[in-house]
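The values are calculated or read from the model by the stated rules, or taken from the named source; none is laboratory data. Predicted model, so just to flag it, every value in this text is computed and none were measured. All Cβ positions, glycine included, derive from the backbone under ideal geometry; neighbour counts span all protein chains shown.
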């Protein structure tokens with residue numbers, strides 16, 4: 001959401017019109033995210049790419065950013081009961097996200113768990129989710145003896 005807002009030249013908390021979420025705009029946002037990830041990885045940094053990643057091309061693009069720099073990649077697919085997600089979205093205030101319950105419902109209709117990304121139960125406390133992601137990330141990085149690039 002922050003990249004999308006930056007590309008539109010507005011502060012992160014500014015609500016964008018629906019046209020800012022057309023597929024061609026989203027494609028540009030995900031390309032920019034992968035490009036930024038590549039720049040950071042090229043300098044030896046680590047990246048957490050936090051986005052919906054419901055389109056295969058977007059997942060492939062972020063994985064390629066890691067693979068082209070020969071760093072370990074760990075893709076995490078967070079899932080929770082739709083009722084929990086709807087509650088979280090409806091109670092959220094402020095921040096960069098423009099997601100509404102209607103947008104979430106559309107995302108849930110088209111969402112498929114990627115077979116190569118680790119499914120994570122997000123219907124838990126944030127600290128528990130973070131601990132699981134850190135453990136898996138550390139294991140993956142150790143296995144490759146390289147910096148880890150993660151996406152969620």
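Please count how many residues of segment 70-91 are at negative phi and in a loop (DSSP other than H, G, I, E, B).
Matching residues across segment 70-91 total 3.
When you scan segment 39-57, do you find a residue that is in a helix (DSSP H, G or I), over 21 Å from residue 136 (Cβ atoms), in contact with a helix residue (DSSP H, G or I) (Cβ under 7 Å, 6 or more places away or on another chain) and without any contact (Cβ under 8 Å) to a residue 40 or more places away in the chain, even just one?
no
Sort out which residues of segment 8-36 are in a helix (DSSP H, G or I) and more than 17 Å from the chain's Cα centre (by Cα), and write them in order of number.
Passing the criteria: 18, 19, 20, 24.
Among the residues of segment 11-27, which ones are free of Cβ contacts under 8 Å to residues at least 60 places away in the same chain and loosely packed, with under 14 Cβ neighbours inside 10 Å?
11, 14, 17, 18, 19, 22, 23, 24
Checking residue 94 against (1) in a loop (DSSP other than H, G, I, E, B); (2) under 18 Å from the mean Cα position of the chain (by Cα); (3) modelled with pLDDT under 90, which single condition isn't satisfied?
Result: residue 94 passes all but (2).
On the given criteria, is residue 124 at pLDDT 90 or above and in contact with a strand residue (DSSP E or B) (Cβ under 9 Å, 6 or more places away or on another chain)?
No.
Does residue 70 qualify as being surrounded by fewer than 16 Cβ atoms within 10 Å (Cβ to Cβ) and either touching a residue at least 60 places away in the same chain (Cβ under 8 Å) or closer than 23 Å to residue 23 by Cα (or both)?
When the stated conditions are applied, residue 70 passes them.
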